[in-house]
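J.: A single structure is presented below for examination.
The values are calculated or read from the model by the stated rules, or taken from the named source; none is laboratory data. These numbers were taken from a predicted model, which means no experiment stands behind them. All Cβ positions, even for glycine, are placed from backbone atoms using ideal geometry, and neighbour counts span all protein chains on display.
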Amino acid sequence: MTLYYLHGFASSSQSVKAVQARQFFASHYPQQSFVALDLAYTPADAMAQLTAVMNTAPPHAIIGSSLGGFLATVMAERYQCRACLINPAVAPHQVLSEYLGEYHHPVLQQKFTVQASHMAELEQLMPVRLRQPANYLVLLQSGDEVLDYRKAVSYYQGARLQVISGGDHSFQGFAGYLPAIADFCQLSTASHPHGPMSRK
């Protein structure tokens, strides 16, 4: 079973949080399969990609940031696995409608266009309600300048919610939360003979 990391809008598998997560799990859970994907930029293509990959290697758990948190929710509902969400986008069609246009990704060196039709696709993907809210750990920073954290508090009622005062959309101090994320994902400590990182 694989642990997946899903990045946010216009980000990549080389983002700061993705790299921190990859290094943490490689060091502390070396036998755990960890995959940080470079997601397709259109909702339909991203879902096709996730479906193909996860059907081949089912998720043990999913970590998702921002728009990746939304996609992690969609896939966690499908596979009924645990998901850890970092400042997740709720109803992203309402947010991204303000970001229509062409973008160039500096890491992947690719151009992509955000279109109005993508908003309808995102709206259709959004689960009306969560079947098992306890499957979710939701980490929010109240200083998020892109997303209103209160929408996530409302949508993820019944989940394990942690609201940190201040911070920003990038989620400051993410690396310090990785031991708690690993615990929530119920990773086997057998993967690491000394157990997870000390919480000093």
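J.: Within region 117-149, which residues are under 18 Å from Ala180 (Cα atoms) and among the aliphatic types (A, V, I, L, M)?
T.: Hits for region 117-149 are Ala134, Leu137, Val138, Leu139, Leu140.
J.: For region 22-37, which positions are hydroxyl-bearing (Ser, Thr, Tyr) and either part of a loop (DSSP other than H, G, I, E, B) or surrounded by 17 or more Cβ atoms within 10 Å (Cβ to Cβ) (or both)?
T.: Tyr29
J.: Restrict the check to region 114-123 and report whether at least one residue is touching a residue at least 24 places away in the same chain (Cβ under 8 Å) and within 17 Å of the chain's Cα centre (by Cα).
T.: Yes, region 114-123 contains at least one residue that is touching a residue at least 24 places away in the same chain (Cβ under 8 Å) and within 17 Å of the chain's Cα centre (by Cα).
J.: Restricting to region 100-120, give me the number of residues that are surrounded by fewer than 16 Cβ atoms within 10 Å (Cβ to Cβ) and farther than 21 Å from Ser13 by Cα.
T.: Result for region 100-120: 6.
J.: Okay, moving on. For region 178-198, give me each residue that is modelled with pLDDT of 95 or more, touching a Phe, Trp or Tyr at 6+ places or on another chain (Cβ under 8 Å) and either among the hydroxyl-bearing types (Ser, Thr, Tyr) or in a loop (DSSP other than H, G, I, E, B) (or both).
T.: Once the filter is applied, which keeps residues that are modelled with pLDDT of 95 or more, touching a Phe, Trp or Tyr at 6+ places or on another chain (Cβ under 8 Å) and either among the hydroxyl-bearing types (Ser, Thr, Tyr) or in a loop (DSSP other than H, G, I, E, B) (or both), region 178-198 yields nothing.
J.: Looking at (1) among the aliphatic types (A, V, I, L, M); (2) without any contact (Cβ under 8 Å) to a residue 60 or more places away in the chain; (3) in a loop (DSSP other than H, G, I, E, B), find the lone condition where Val90 falls short.
T.: (2)
J.: Can you tell me which residues in region 38-76 are surrounded by fewer than 22 Cβ atoms within 10 Å (Cβ to Cβ), among the small types (Gly, Ala, Ser) and in a loop (DSSP other than H, G, I, E, B)?
T.: Within region 38-76, Ala40, Ala57 meet the criteria.
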